[in-house]
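Shown below is the structure under consideration.
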Amino acid sequence: MRAVLLTKTGSLDALALAEHPAPKPKAGEVLIDVHAAGLNFPDLLVIRGLYQRQPPLPFAPGKEVAGVVAETGPGVTELKPGQRVMAQLESGAYAEQAVAPAVNVYPIPDAMSFPVAAAIGLVYITAHLALIERGLYRPGETVLVTGASGGVGEAAVQLAKAKGARVLAGVTSREKGEAAKAIGADHVIDLTAPDIRDSLRDQVWAVTGKLGADVVIEQVGGDVFDGAIRALAWRGRLVVVGFAGGRIPDVRANYLLVKNITVTGLQSSDYRDKEPERYRAMMTEILELFRQGRLKPPRITEFPLERFSEALAALDRRSIPGRLVLTTGRTTG
């Protein structure tokens with residue numbers, strides 16, 4: 001099979017499309033003929049050797065796929081060859097075939113295309129965990145999403161709205177603000193405003209009557225984090241998802257004390273590995289929301305597998321809105 005292989009961490013230039021032995025499913029695993037593989041920001045960290053989990057070299061990066069079950073390992077009874085599925089895995093998605101634990105493989109709706117299925121898994125499960133599991137969201141609360149134009153950000157905006165929240169979308173341009181409103185955001189918070197430490201809080205206060213945000217899903221870090229924690233309501237919860245802005249912030253404990261607020265973190269793959277059945281229940285709920293039309297497919301740009309370098313460069317530059325996927329050239333559906 002063909003696979004995009006990483007032979008040395010540190011640079012996108014260390015990747016090459018090459019022939020590689022096809023994987024074989026072990027007990028409890030499923031072999032998938034990959035039709036589409038999603039690209040995600042953590043993939044860049046893995047390639048550069050900066051991620052908390054690094055597979056042994058050489059390996060194919062990529063954490064989510066959609067395709068058709070080719071073979072099942074011993075003990076797998078709930079999935080059959082020929083079934084259309086999506087899966088989350090630790091690595092191996094950038095290839096024509098991939099193996100995943102059966103518990104992390106989900107049948108996809110007939111109306112859902114493989115590129116859409118490959119684009120929604122990781123970002124929507126991260127958004128769900130951040131909002132419900134870590135953010136302890138309650139219906140009717142106000143939710144602020146920073147980095148709302150990214151994959152997880154757009155998923156969080158949609159999911160919070162589907163759950164009945166008033167949604168504030170933190171973005172860096174008017175165009176991104178309009179896109180956030182188009183998918184359900186009630187208000188836009190300008191993350192480029194001067195003195196964001198104060199101005200972010202002031203913007204949130206302006207639309208909440210100085211009550212603040214009950215839940216913040218924070219992905220930017222740096223000065224945006226500093227502003228977001230000040231924008232929390234009494235007993236508010238801030239969930240740290242990432243640091244796209246670069247600087248990892250410090251938390252002043254007196255903020256936690258005087259406002260009774262909570263700051264917590266999220267590493268979604270830990271839930272996948274440590275509580276797979278719970279993770280599966282959440283992913284099943286997400287797919288049901290798509291079936292009901294309460295969640296809408298993201299904007300998707302497709303790249304053939306041989307153009308992986310161009311796709312990863314676009315992901316790195318954030319130059320293409322929406323989600324990026326690699327396609328293997330199999331008959332799509």
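All of the numbers you see were taken from the coordinates with simple rules; none came from a lab. Source: prediction; values computed, not measured. All Cβ positions, glycine included, derive from the backbone under ideal geometry; neighbour counts span all protein chains shown.
If you put +1 on each Lys and Arg Cβ and -1 on each Asp and Glu Cβ, how big is the dipole of the range 136-208 around its Cα centre, in Debye rounded to 20?
The dipole of the range 136-208 has a size of about 260 debye.
Treat every Asp and Glu Cβ in the range 251-333 as -1 and every Lys and Arg Cβ as +1, leave all other atoms uncharged, and give the resulting dipole magnitude about the Cα centre to the nearest 20 debye.
For the range 251-333, the charge dipole is close to 340 debye.
If we count every other residue with Cβ under 10 angstrom of V188's Cβ, Lys/Arg +1 and Asp/Glu -1, where does the sum land?
Net local charge, V188 excluded: 0.
Given bins 10 angstrom wide, list per bin the percent of all Cα-Cα distances in the range 123-269, short to long.
Percent of pairs per bin, in order: 13, 50, 34, 3.
Here's a follow-up. Once the Cα gyration tensor of the range 11-107 is diagonalised, what are the square roots of 5 times its eigenvalues, in whole Å and ordered largest first, as equivalent ellipsoid semi-axes?
Listed largest to smallest, the semi-axes of the range 11-107 are 24, 13, 12 Å.
State the percent of C-alpha pairs, over all pairs in the chain, separated by a distance greater than 33 angstrom.
Considering the chain, 26 percent of its Cα-Cα pairs are separated by more than 33 Å.
³J(HN,Hα) across the range 72-87 via Karplus (A = 6.51, B = -1.76, C = 1.60, θ = phi - 60°), whole Hz, x for Gly/Pro?
10, x, x, x, 8, 10, 8, 10, 10, x, x, 6, 7, 9, 10, 8
Right, next: Using only alpha carbon pairs under 8 Å that are at least six residues apart, calculate the relative contact order of the chain and give it in whole percent.
17 percent
Below 11 angstrom from the Cβ of I217, what's the summed charge of the other residues (Lys, Arg +1; Asp, Glu -1)?
+1
Compare the Cα positions of G246, G135, G147 along the charge dipole of the range 123-269 (+1 at Cβ of Lys, Arg; -1 at Cβ of Asp, Glu; about the Cα centre) and return the one farthest towards the positive end.
Looking along the dipole axis, the top candidate is G135.
Assuming a viscosity of 1.002 mPa s and a temperature of 20 °C, what translational diffusion coefficient in µm² per second does Stokes-Einstein assign to the range 226-333, Rh being the Kirkwood radius over Cα pairs?
After rounding, the answer is 120 µm²/s.
Sorted by packing (mean other beta-carbon atoms within 10 Å per residue), highest first, where do 68-77, 95-104 land?
95-104, 68-77
Considering the options V85, Y124, L57, tell which one lies farthest towards the positive end of the dipole of the range 1-134, charges being +1 on Lys and Arg and -1 on Asp and Glu at the Cβ, about the Cα centre.
L57
Then there is this: Suppose every K and R has +1 on its Cβ and every D and E has -1 on its Cβ; what is the size of the dipole of the range 58-130 about the Cα centre, in Debye to the nearest 20?
60 debye
Taking neighbour Cβ counts within 10 Å as the exposure measure, how do L131, L89, L144 sort from fewest upward?
Fewest-to-most ranking of L131, L89, L144: L89, L131, L144.
Another question about this same structure. I need the per residue convex hull volume for the range 106-193, using only the alpha carbons, in cubic angstrom as a whole number.
Hull volume normalised by residue count: 105 Å³.
A further question on this structure: Go through 317-326, 162-171 and give me the packing order, highest mean Cβ count within 10 Å leading.
Most protected by this proxy first, the peptides run 162-171, 317-326.
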